[in-house]
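S.K.: Quick one: this structure, given as structure tokens, is what I'll be asking you about.
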Amino acid sequence: MDVRKSPICDNPRGGGGFAEWAMVSLHCLRLHMEKSYRTSIDYLKEMPRITGEIGLDTTDLPHYTTFCDWFGEIKMRVIRLLLRLSSPEKNERRVAIDSTGFDRDRASKHYCQRANYTVRSLKVTVLVDVDTLSVVDLHCTTSKKHDTQIGEQVVKRNLEKMTSVAADKGYDWKKLRDELRSRGVRPLLKHREFTHLDKAHNSRMNDDDYNQRWMSETAFSSIKRTLGNAVRARLWHREFREMILKAAVYNIKKSAES
């Protein structure tokens, strides 16, 4: 995948600053190395071959304060474009959806009190292609929004090429099932068992098909193991960007390994 072919491209140093794709590439490397802004720039200064692939010289790298400030200014559509490009293009997808928490405990207690930073976990929901284990889409929130509402939002953005959706009982919602069936997508969503009819619905579901939902947990496990189970950013909008970039880095690493 060559991000430089996308419509957001520019020269590595264009318009008096750094091109978006060059800075996104540097931030992907930062997340891959699991280093701070300052340490990442120090490391990259000793990696001329890597910076050369981005089109930068080691003397052209931004100051770490510029590197940090830029991360909060990048448009979300740019990062989501990278996530979409990093997932293999397919005409039909079997997907699984699930959520987990990433720690937000990097900030000091003094900062938490001063900024009213009370939510200590970031809820992350991913849509995973069960055949390639790549992350197709991702949603982040610090609120207590229910899984069904998040699931509906994420699924609707990706209905065009989906053939089935597997999820656990947390996504049991008739409205979501009806929406999927109306678009020709098979809902593999377990019912919460309040009645005998619910148990009958679950028993008719093929275990091999339903067990596809474990693929989302596999993706989460790999991301946490290789890229960390916490977000370094302090502000929520930076944390959202960091998680989307983590998913894109995970996809790129999967592609490189295959």
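The values are calculated or read from the model by the stated rules, or taken from the named source; none is laboratory data. These numbers come from a predicted model, not from an experiment. Note that each Cβ is placed from the backbone with ideal geometry, even for glycine, and that neighbours are counted across all protein chains shown. Please note that ligands, DNA and RNA were not included when accessible areas were found on the heavy atoms of the full protein model with its side chains. Shrake-Rupley method; radii C 1.70, N 1.55, O 1.52, S 1.80 Å.
S.K.: Per residue, how much accessible surface does segment 14-85 expose to a 1.4 Å probe? Answer in Å², no decimals.
M.R.: Solvent-accessible surface per residue comes out at 51 Å².
S.K.: If I compute solvent accessible area with a 1.4 Å probe over the protein chains, what percent of it on the chain is carbon and sulfur?
M.R.: 48
S.K.: Calculate, in nm to one decimal, what THR195 and ASP60 gain on full extension: separation in residues at 0.36 nm each, minus their alpha carbon distance.
M.R.: 42.1 nm
S.K.: Then there's this: Counting Lys and Arg as +1 and Asp and Glu as -1, each charge on the Cβ, what is the dipole of the chain about the Cα centre in debye, to the nearest 20?
M.R.: 720
S.K.: Which is farthest toward the positive dipole end of the chain among THR218, LEU122, THR65, measuring Cα position about the Cα centre, with Cβ charges +1 (Lys, Arg) and -1 (Asp, Glu)?
M.R.: Positive-most Cα among the choices belongs to LEU122.
S.K.: Which loop-located trypsin sites (Lys or Arg not before Pro) does segment 170-258 contain, where loop means any DSSP state but H, G, I, E or B and the Cβ has at most 14 other Cβ atoms within 10 Å? Mind dumping the intermediate values first?
M.R.: Working: sites: LYS174, LYS175, ARG177, ARG181, ARG183, LYS190, ARG192, LYS199, ARG204, ARG213, LYS224, ARG225, ARG232, ARG234, ARG238, ARG241, LYS246, LYS253, LYS254; in loops: ARG183, LYS190, ARG192, ARG204, ARG232, ARG234.
Answer in residue order: ARG183, ARG192, ARG204.
S.K.: Here's another thing I want to ask about it. Mean Kyte-Doolittle of at least -1.0 and a Cα length of 27 Å or more along the axis: which whole DSSP H helices of the chain meet both?
M.R.: 236-257
S.K.: Which of the aspartates and glutamates could a cross-linker span from LYS145 if the Cα-Cα distance has to be under 17 Å and same-chain partners fewer than 8 positions apart are dropped?
M.R.: ASP98, ASP168, ASP172
S.K.: Given a 1.4 Å probe and the protein chains all in place, what does the accessible area of ASP198 round to, in Å² to the nearest 10?
M.R.: Looks like 30 Å² after rounding.
S.K.: Moving to a separate point now. Alpha carbon centre of segment 196-258 versus segment 39-54: separation in Å?
M.R.: Spelled out, the Cα-based centre of one part sits 30 Å from the other.
S.K.: Still on this model: Across the chain, where is the longest run that never hits GluC sites (Glu not before Pro) in a DSSP loop with at most 11 other C-beta atoms within 10 Å?
M.R.: Within the chain, the longest run free of exposed GluC sites (Glu not before Pro) spans 93-258.
S.K.: What relative contact order, as a whole-number percentage, does the chain give when Cα pairs under 8 Å and 6 or more residues apart are counted?
M.R.: After rounding, I find 21 percent.
S.K.: So which of LYS199/LYS246; LYS156/LYS246; LYS174/LYS224; LYS144/LYS175 end up more than 30 Å apart, counting from Cα to Cα?
M.R.: LYS199/LYS246; LYS174/LYS224
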